[in-house]
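Input: a single structure, listed below in structure tokens.
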């Protein structure tokens, strides 16, 4: 993969008008980003694609990601979640591994893991059921169900439930690729220029992150109105 990336780097530099490369490629382990020289609070956005679910030490991965993210930085990743804890014996089962489900996280354990490292809220951008089509693997996981999700979360001091502070967010329509509306997650679609009531966490996600220049958030957290009904 690194060889492919290096092969196409000149083509991409030309396409986007760079005389010098603005990308570099490092080989290492996501559980130990420090060994690659990635410093604390130095990264704006971390994106991973179907890597976390095959790791045997997910706590180390998330701890490292939140170590290197700047305050307000974003993690966006894709992975497979399970609706229950899978038997430990399946973690290294070759049949279930090949199917891509052997080390899938139980969604509630994922929530607890994030909480333990200081992240109290995350959002699903999308999720869809994933059928297990390999008969051998399906027989081993039993009734467990799986979903493929795109997840977004931020390095922010968020609360563990949605709280109501009477805040309103307005999307300016200035984000490239999103002239009419911006989907923060699967239940927040911000329509250009339309005021939208938001909980404290959602307000922080669009005001105290890279999205901040595209939003106007009115109100603060000086008055609390109880839990926020996100439905």
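In the stretch 53-68, is there at least one residue being part of a loop (DSSP other than H, G, I, E, B), on the phi < 0 side of the Ramachandran plot, at pLDDT below 95 and touching a helix residue (DSSP H, G or I) at 6+ places or on another chain (Cβ under 8 Å)?
Yes, that holds for at least one residue.
Restricting attention to the stretch 111-121, and to residues there that are in a loop (DSSP other than H, G, I, E, B) and surrounded by fewer than 19 Cβ atoms within 10 Å (Cβ to Cβ), which single residue is nearest to the chain's Cα centre (by Cα)?
Here the answer is 120.
Which of the numbered conditions does residue 108 fail, given that it passes all the others? Conditions: (1) out of contact with any strand residue (DSSP E or B) (no Cβ under 8 Å at 6 or more places or on another chain); (2) more than 14 Å from residue 147 (Cα to Cα); (3) part of a helix (DSSP H, G or I).
Condition not satisfied by residue 108: (2).
What pairs come out if I take residues in the stretch 112-125 that are assigned by TED's automatic domain parsing to the domain that holds residue 79 and at positive phi and pair them with residues that are at pLDDT 95 or above and not in a loop (DSSP other than H, G, I, E, B) whose C-beta lies under 9 Å away, six or more apart or interchain?
Cβ pairs passing all conditions: 118/66.
Any idea how many residues of the stretch 75-93 are in contact (Cβ under 8 Å) with a residue 40 or more places away in the chain, farther than 16 Å from residue 33 by Cβ and touching a strand residue (DSSP E or B) at 6+ places or on another chain (Cβ under 9 Å)?
Qualifying residue count for the region: 9.
Taking strands (runs of 3 or more DSSP E) that do not extend beyond the stretch 162-231, which have at least 2 residues that are closer than 17 Å to residue 125 by Cα and at pLDDT 95 or above?
181-185, 188-191
Only one of these is surrounded by fewer than 16 Cβ atoms within 10 Å (Cβ to Cβ), outside the structural domain of residue 73 (by TED's automatic domain parsing), under 21 Å from residue 111 (Cβ atoms) and out of contact with any strand residue (DSSP E or B) (no Cβ under 9 Å at 6 or more places or on another chain): 160, 186. Name it.
160
Looking only at the stretch 131-146, decide whether some residue is part of a strand (DSSP E or B) and either modelled with pLDDT under 95 or farther than 22 Å from residue 104 by Cα (or both).
yes
Return the pair list, or none, for Cβ contacts closer than 8 Å from residues in the stretch 16-36 that are free of Cβ contacts under 8 Å to residues at least 40 places away in the same chain and in the same structural domain as residue 62 (by TED's automatic domain parsing) to residues that are surrounded by 10 or more Cβ atoms within 10 Å (Cβ to Cβ) and in a loop (DSSP other than H, G, I, E, B), at least 6 apart or on different chains.
Between residues of the stretch 16-36 that are free of Cβ contacts under 8 Å to residues at least 40 places away in the same chain and in the same structural domain as residue 62 (by TED's automatic domain parsing) and residues that are surrounded by 10 or more Cβ atoms within 10 Å (Cβ to Cβ) and in a loop (DSSP other than H, G, I, E, B), the close pairs are 30/51; 30/55; 31/55; 31/57; 35/28; 35/29; 36/26; 36/28.
The values are calculated or read from the model by the stated rules, or taken from the named source; none is laboratory data. Just so we're clear, the structure is a prediction, and the values are computed from it rather than from any experiment. Cβ sites come from the backbone with ideal geometry, for glycine too, and all protein chains shown count toward neighbours.
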